[in-house]
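The values are calculated or read from the model by the stated rules, or taken from the named source; none is laboratory data. Values in this document were obtained by computation on a predicted structure and should not be read as measured data. With ideal geometry, Cβ positions are generated from the backbone for all residues, glycine too; neighbour counts draw on all protein chains shown.
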Amino acid sequence: MLEANTRDAATELHDAAVRMGGRTVWSEVALRIEPGEFVGLLGENGSGKSTLLKVLLGALPLQHGTVSVLGRPPGSANNAIGYLPQRPGFGAGVRLRGRDLVRLGLDGDRWGLPLGIGARAAGRRAAARARVAETIELVGAAAYAERPIGELSGGEQQRLLIAQALVRRPRLLLLDEPLDSLDLPNQASVSALVDRVRREEGIAVLLVAHDVNPLLPYLDRVAYLAAGRAVAGPVREVITSETLTALYGVPVEVLHASDGRLAVIGAPEAPSYHHDRHEHHHGGSHVHAG
């Protein structure tokens, strides 16, 4: 568990518990994310990872314990949060341009108000166009931002969705399984993108994933949810064979490469290979060292 201190955290949960449908999803959860940190949230399907994000967004109350987000109660600071929910890729028939998808993060989503009309609004629209272009450049998507989103690869779509979450200049970025359904090269590319952006923008990141391996080179801390409880802390304290085996109740092996990198093998719901719907690579099982 992570120890609290007196500095304001990007997020902080203490002795937290949530019940849904008459059952406790998780309890005794303690998690602190410092400003600018990159934290991975791992666990099996149904372990409560997305539930934790809902708690941070103020969409779901705790049954027990305390939670604060950017020094305020959950839901009070959502205008300073970039949120990318879990979703399937856009189908080939979706004609919305990538640039317009990013613009929705400013004036078409549930976090904000429309930009309005009139001279003052015209100035705001110009500023919005500039910010959208800046954010698209930030994620490296300028080359395809004018194309329909349905024509793009999964990795390209994810870059634009991350841009949408970043366009309001958030202080905290919550990403729910942005690596899901991507092939290994795109998992690595998106992981590196998130790390670069959080360093350049000074943003705290909580990223939900099934497989920690593509994230390992970049994470400051990691939190695992399993069997209704959590283990959280610095990567090399939590990602050990002993800790993960005890948490999951099945053998989990952590390999240490000669150059100091780690690789996790055998954790439940940690697939080693994904298909991008546009870019296919074939072969046997893989291990990715972080």
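The figures follow:
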| read-out | value |
| --- | --- |
| Pair list, Cβ < 6 Å and 6+ apart or interchain, from region 149-164 residues that are under 11 Å from V190 (Cα atoms) and among the acidic types (D, E) to residues that are at pLDDT 95 or above and part of a helix (DSSP H, G or I) | E156/Y144 |
| Close pairs (8 angstrom Cβ cut-off, 6 or more residues apart or separate chains): farther than 19 Å from G266 by Cα in region 187-214, part of a helix (DSSP H, G or I) and small (G, A, S) anywhere | S189/G155; V190/G155 |
| Region 212-229, residues that are under 9 Å from G43 (Cα atoms) and buried (at least 23 other Cβ atoms within 10 Å of the Cβ) | A223, Y224, L225 |
| Residues of region 164-188 classified as under 19 Å from E37 (Cα atoms) and among the small types (G, A, S), total | 2 |
| Selection within region 165-178 - touching a residue at least 40 places away in the same chain (Cβ under 8 Å) and basic (K, R) | R168, R171 |
| Cβ pairs under 6 Å, 6+ apart, first in region 54-65 and over 18 Å from L207 (Cα atoms), second assigned to a helix (DSSP H, G or I) and modelled with pLDDT of 95 or more | L60/K54 |
| Condition met for S47 (small (G, A, S), part of a loop (DSSP other than H, G, I, E, B), touching a residue at least 12 places away in the same chain (Cβ under 8 Å) and under 27 Å from V252 (Cβ atoms)) | yes |
| Members of region 63-84 that are of a type outside the set (D, E, K, R) and either part of a helix (DSSP H, G or I) or surrounded by fewer than 17 Cβ atoms within 10 Å (Cβ to Cβ) (or both) | Q63, H64, G65, T66, G71, P73, G75, S76, N78, N79, A80 |
| Count - residues of region 162-182 that are in contact with a Leu (Cβ under 9 Å, 6 or more places away or on another chain), under 16 Å from L41 (Cβ atoms) and assigned to a loop (DSSP other than H, G, I, E, B) | 3 |
| Residues that are more than 14 Å from the chain's Cα centre (by Cα), surrounded by 18 or more Cβ atoms within 10 Å (Cβ to Cβ) and not hydroxyl-bearing (S, T, Y), drawn from region 24-47 | V25, W26, V29, A30, L31, R32 |
| Considering residues of region 1-15 that are acidic (D, E) and at pLDDT 95 or above only, the residue surrounded by the most Cβ atoms within 10 Å (Cβ to Cβ) | E12 |
| Search result, residues across region 48-88 that are farther than 24 Å from R169 by Cα and touching a helix residue (DSSP H, G or I) at 6+ places or on another chain (Cβ under 7 Å) | L60, L62 |
| Strands (runs of 3 or more DSSP E) wholly inside region 212-260 containing at least 2 residues that are under 15 Å from the mean Cα position of the chain (by Cα) and closer than 30 Å to E200 by Cα | 221-226 |
| Residue list for region 178-237, restricted to those being of a type in the set (G, A, S) and touching a Pro at 6+ places or on another chain (Cβ under 6 Å) | A188, S191, A204 |
